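Have a look at the structure below before the remarks.
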Amino acid sequence: MKATPTAIPDVVLIEPNVFGDERGFFFESFNRRAFHQAVGVDPDFVQDNHSKSSRNVLRGLHFQVKQAQGKLIRVIQGEVFDVVVDIRQDSPTFGRWVGEYLSAENKRQLWIPPGFAHGFLTLGETAEFLYKTTDYYAPEYERCLAWNDPEVGIEWPLTAEPILSGKDKAGVPLSTIQIYL
């Protein structure tokens with residue numbers, strides 16, 4: 001496994017060792033020991049999630065103010081542009097964002113530690129997204145950072161108006177979010 005810190009060093013892009021031939025491929029999508037050696041953290045994953053989204057669906061930017069979740073994410077069908085925003089108030093990268101293209105083809109994964117808002121844009125017809133979390137979903141603590149906040153300035157690769165849920169349409173600017181506790 002190759003682990004590469006992004007422009008926000010705590011967020012790590014992971015490229016697994018893929019073994020393939022004419023029959024198909026094999027790779028370890030998670031190995032706790034290898035992950036710890038490569039990334040330097042030993043997360044205790046408690047929940048796995050699976051979502052499917054259509055073209056131009058933009059989900060996020062979600063976070064929990066308590067029970068913050070670390071996430072190990074990957075795409076098993078299609079492609080997404082995945083974005084994280086640092087909302088750790090005392091962080092030197094507070095308010096900065098990073099984006100990575102994740103797809104079934106490139107098999108890349110992204111480690112997002114607790115304290116980040118997270119979202120993605122579906123680029124193909126559909127995308128299926130898997131992620132492991134270090135804490136349980138707690139809707140009472142969930143908040144949404146505005147996906148288009150000019151203060152954050154995310155450069156989404158939009159080709160059409162994004163399709164948003166009501167929750168995502170109601171996202172608030174960075175200057176007014178309830179910061180991760």
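A few remarks follow.
- The C-beta contact set for the stretch 140-167 (first residue within 13 Å of VAL84 (Cα to Cα) and touching a residue at least 60 places away in the same chain (Cβ under 8 Å), second residue among the acidic types (Asp, Glu) and not in a loop (DSSP other than H, G, I, E, B), distance under 8 angstrom, 6+ apart or interchain) comprises CYS144/ASP168; TRP147/ASP168.
- Looking across the stretch 96-129, the residues that are aliphatic (A, V, I, L, M), buried (at least 16 other Cβ atoms within 10 Å of the Cβ) and over 11 Å from the mean Cα position of the chain (by Cα) come down to LEU123, ALA127.
- Some residue of the stretch 65-73 being in contact (Cβ under 8 Å) with a residue 60 or more places away in the chain, loosely packed, with under 15 Cβ neighbours inside 10 Å and more than 10 Å from the chain's Cα centre (by Cα): yes
- Residues (under 25 Å from GLY124 (Cβ atoms), modelled with pLDDT of 95 or more and surrounded by 15 or more Cβ atoms within 10 Å (Cβ to Cβ)) located in the stretch 16-56: SER53, ARG55, ASN56
- Between ILE179, ILE76, ILE154, the distinction of being in a loop (DSSP other than H, G, I, E, B), within 29 Å of ASP44 (Cα to Cα) and of a type in the set (A, V, I, L, M) belongs to ILE179 only.
- So VAL85, is it touching a Ser or Thr at 6+ places or on another chain (Cβ under 6 Å), of a type outside the set (Ser, Thr, Tyr), within 17 Å of LEU145 (Cα to Cα) and in contact (Cβ under 8 Å) with a residue 12 or more places away in the chain: no
The values are calculated or read from the model by the stated rules, or taken from the named source; none is laboratory data. Because the structure is a prediction, the values reported are computed rather than measured. A quick note on method: Cβ atoms are made from the backbone with ideal geometry, for glycine too, and the neighbour counts reach across all protein chains shown.
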